[in-house]
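Take a look at the structure set out below.
A short reminder: the numbers here are calculations on the coordinates, not readings from a lab. Not measured: the values here are computed from a predicted model. Please note: Cβ atoms are built from the backbone with ideal geometry, for glycine as well, and neighbour counts cover all protein chains shown.
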Amino acid sequence: MSGRVITVTSGKGGVGKTTTTANLAMALASLEKRIIAIDADIGLRNLDLVMGLENRIVYDLVDVVEGRCTLRQAMVKHKGYPYLYLIPASQTRDKTAITPQNMRAVAMELKDSYDFILVDSPAGIEWGFKNAIAPADEVLIVTNPDVSAVRDADRIIGLIETHDVPIPVRLVINRLKSGMVRKGEMLSVDDIIGLLSIRLVGVIPEDENVLRSSNQGVAVAGPAGQAFLNLARRLDGEQVPFQSLEITSLMDRFRRLFNNR
Amino acid sequence: MQDQVEFKGIREGILITIDPEAEWGDVLSDLTARIDNQAAFFRGATIVLQLGKRAVQRPELARLLNRLRERDVNLASVLSTSATTQGATRQLGLALDLSEIGPAEGVRQATPQIERPPEYPEKMFDDEIVGSEGILIRRTLRGGRVIRTPGHVVVVGDVNPGAEIIAGGDIVVWGRLRGVVHAGAMGDESCVICALDLQPTQLRISSLISVSPPTNKRRKPRPERAYIQDGQIKAEDWNH
Ligand SMILES: Nc1ncnc2c1ncn2[C@@H]1O[C@H](COP(=O)(O)OP(=O)(O)OP(=O)(O)O)[C@@H](O)[C@H]1O
Ligand SMILES: [Mg+2]
């Protein structure tokens, strides 16, 4: 069976693409899937850091593309899981060192031996985005519950929808603070879905464990960890109800009932 | 009288057809005057010129190109059957063929064809045909998309914040309208804007502007229609 290439992207920077890619990769690996994570953020690599693999890097994606090593040699094995690998981004080269064709070729070579190939993208809609999206069978849009992140997500979805070959797109809402939503200081899950009208596949709460575990290069535990595991299961085809979402939207509904009277 | 310069919305942008017999100097001043009259509509627009069999030398075409650039109008292509004009077009780096430039937006172009039963007056159908030119967009317009056409625009889907529609005619949105819309952008004050949920960031008809009051976000959506009355933009329930 052929593996699925899933690109994680956002438009706006700093919303949690790398955090999502890393934790999703580790969560899927814990479900005994065969995973490759590719860092397509050339020049600004940090997926290796968040996965705790920085010190094991010898070659990178640009080395592969320019023929200095084989794909196999650039793959960094994760210590914690038997079937989790990373292909790191180059730290020095600029993003034009890689083309969409390169990305497609790399993904093709990996598809037969892995269940999921996760691609972390750079922020923005330029060159690096086009590279990251080129091999994708599916796209995960990561957004935060604020107006500017959602606006950028909307633009990206528009770009992908009008792509030559439209790619299925699903949404991950990261850093949801249910308290703030309740007070109306933040967009709710319903607000965001109402605007973007795409399918929701994950809701990750704001969680201080994220920063700590990223610094240590391990999978996040706690509420965010559970949410990433749920996301992984849903991507794997399982039906997992949205727990935290149900709570917030129930609150929302009550609020609306009162506001409208 | 037949216009020497004619405008029409096409997939690639705005098609401007110039009567091959008209005097070039007249054409030039007429064209620039009409663009200046509707500056808001043309700013940033992509246009295609249909020059027919007219032979235009490179300096003449370059002069026109400059005038357009000064007005922030992007001339993408010149269509012509004259070898002279084609040569000038190539030398200026413009496309000779519509296939060389992509469509301006993912739109469907409808050529209106209405059959007239003999018992109906001809005039009535002429009006409908002339007034019916428009484009149909069958998807949500997301942030960053700009639709610009001299005709009407119908969107089956939402118009999200950050998206923009500039239409010479009416705008009808079968969905939520939350972006920026400008109907009657070429000066027609009779144009209307309708939506199932009318909450635009900004709404313009002809030269009037109305900014949405910060309404209760949670209000129940209802179809509305905006139009000009007594020199003001009004919105009313769209149930008739
Ligand atoms: N759910 C969360 N709870 C708390 N902090 C988070 C959460 N998700 C991400 N962060 C923090 O937000 C910051 C940005 O995250 P990350 O680097 O994953 O974003 P990015 O989208 O990859 O950024 P860039 O566009 O720069 O690549 C990091 O410091 C990360 O620890
Ligand atoms: Mg990142």
message = Given points 7 Å out from each Cα along the Cα-Cβ axis, report the B:Asp19 to A:Asp190 separation in nanometres with one decimal.
response = 6.1
note = Once normalised by the length of the stretch A:182-224, the mean sequence separation of its alpha carbon contacts under 8 Å that are 6 or more apart gives a contact order in percent of 30
query = Modelled label-to-label distance, B:Asn74 and A:Met108, 7 Å Cα→beta-carbon offset: nm?
reply = 3.2
note = Ranked from fewest to most other Cβ atoms within 10 Å of their own Cβ, A:Met180, A:Met26, B:Met186 fall in the order A:Met180, B:Met186, A:Met26
task = Quick one: grab the alpha carbon gyration tensor of the stretch A:35-124, order the square roots of its eigenvalues as a ≥ b ≥ c, and give me rounded if a/c is under 1.5, else prolate or oblate depending on whether a/b is larger than b/c.
result = rounded
ask   = Mind checking the dipole of chain A: about its Cα centre, +1 per Lys or Arg Cβ, -1 per Asp or Glu Cβ, Debye to the nearest 20?
value = 440
remark   = Applied in sequence order to the stretch A:33-47, the curve 6.51 cos²θ - 1.76 cosθ + 1.60 (Karplus, θ = phi - 60°) yields integer Hz couplings, x standing for Gly and Pro, of 8, 8, 10, 10, 10, 10, 8, 9, 8, 5, x, 10, 4, 7, 4
query = Given H placed 1.01 Å from N in the peptide plane, which residues other than close sequence neighbours of A:Asp115 have an amide H under 5 Å from its amide H?
reply = A:Arg34, A:Ile35
request  = List, in order, the whole-Hz ³J(HN,Hα) value for each residue of the stretch B:159-175 obtained from phi through the Karplus relation with A = 6.51, B = -1.76, C = 1.60 and θ = phi - 60°; use x for Gly and Pro.
outcome  = 10, 7, x, x, 8, 9, 10, 10, 10, x, x, 7, 10, 10, 10, 8, x
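Where both residues lie in the stretch B:5-104, what percent of DSSP beta bridges are antiparallel, nearest 5?
Antiparallel bridges: around 35 percent, rounded to the nearest 5.
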ask   = Within 10 Å of each Cβ of A:151-162, how many other protein chain Cβ atoms are there on average?
value = 5
note = Once amide hydrogens are built 1.01 Å from N within the peptide plane, the residues lying 5 or more places from B:Val56 or on another chain with amide H under 5 Å from its amide H are B:Thr85
key: Radius 13 Å from Cβ of A:Thr21, net charge of other residues (Lys, Arg +1; Asp, Glu -1)   = -2
remark   = At the level of C-alpha centres, the distance separating the stretch B:1-70 and the stretch A:112-140, in angstrom, is 43
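If we count every other residue with Cβ under 15 angstrom of B:Asp36's Cβ, Lys/Arg +1 and Asp/Glu -1, where does the sum land?
Overall, the nearby charge balance is +2.
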ask   = Where is the GNM fluctuation largest for chain A (alpha-carbon springs, 10 angstrom cutoff): A:Ile141, A:Ile173, A:Ile98?
value = A:Ile98
task = Name the long-range amide H neighbours of A:Arg175: under 5 Å, sequence gap of 5 or more, or other chain; modelled H, no Pro or chain starts.
result = A:Ile204, A:Glu206
ask   = At 222 nm, what helix-only mean residue ellipticity would the protein assembly as shown give, in deg cm²/dmol to the nearest 500, using -39500 (n - 2.57) for each DSSP H run of four or more?
value = -9500 deg cm²/dmol
Share antiparallel - DSSP beta bridges, the protein assembly as shown, percent rounded to 5 = 25
ask   = How high is the relative contact order of chain A, given as a whole-number percent (alpha carbon pairs under 8 Å, six or more residues apart)?
value = 25
request  = With r as the distance between the Cβ atoms of B:Asp197 and A:Lys183 and R0 = 30 Å, compute the FRET efficiency 1/(1 + (r/R0)^6) and round to 0.05.
outcome  = 0.75
request  = Take B:Ser82, A:Ser121 and order them by how many other Cβ atoms sit within 10 Å, fewest up front.
outcome  = B:Ser82, A:Ser121
task = Report the equivalent ellipsoid semi-axes for the stretch A:4-259 in whole Å, largest first, defined as the square roots of five times the eigenvalues of the gyration tensor built from alpha carbon atoms.
result = 31, 20, 16
note = For the stretch A:1-135, the dipole about the Cα centre with charges only on Cβ (Lys and Arg +1, Asp and Glu -1), to the nearest 20 debye, works out at 160
